[in-house]
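Just so it is clear, none of the values below were taken in a lab; they were calculated from the coordinates. Being a predicted model, the structure only gives us computed values, none of them experimental. Here the Cβ positions follow ideal geometry from the backbone for every residue, glycine too, while neighbour counts run over all protein chains shown.
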Amino acid sequence: MSKIVNAGKNQASKKTRSQELLNTVPDEKGFHFFTEYGKYTGVTATSVVEFGEKLQTIPVESITFHFQRDDFQKWLRNVIGDEELAQRFDRVKEWPSWSSDENLRKELLKTVQMRIVELGEHP
């Protein structure tokens, strides 16, 4: 019986953790997109879902600026708490598959969308 109870607790724990990773953070903790130092785009993402949406429309210069500095990974780890997604972004950095900035955008977007689907599987 205790194995069944523990399995139920693990399921509930995964569900809670998934929900936490999809939560919205306050605006001041959101990801503020810049195209270079001092040039704020006026766009902020306050959740992983919103981050994915913004990746589709943000100027590609902003994506390359932040990606080269590991800003996305830092925000995902330190603010959102999603170490898994941050590691996946790290792995994208190792791939030569993003031969253009737009390919990088597509790869990051695909990575975020896949993670959102995974997290959503624990409603």
Cross-link list Lys39/Lys110; Lys29/Lys93; Lys29/Lys74; Lys29/Lys106: which exceed 22 angstrom alpha carbon to alpha carbon? Lys39/Lys110; Lys29/Lys93; Lys29/Lys106
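Note the per residue figure in Å³ for the convex hull of the C-alpha positions in the range 16-98. Write out the running numbers ahead of the final one.
Working: hull volume 7.7 nm³, N = 83.
Cα-based convex hull of the range 16-98, divided per residue, equals 93 Å³.
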Arrange Val92, Val117 by Cβ neighbour counts within 10 Å, fewest through most, would you? Val117, Val92
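Test of understanding: what is the full-extension gain from Glu94 to Gln113, defined as 0.36 nm times their sequence separation minus their Cα-Cα distance?
On the way: separation 19, 0.36 × 19 = 6.84 nm, distance 1.96 nm.
Contour length minus Cα-Cα distance gives 4.9 nm.
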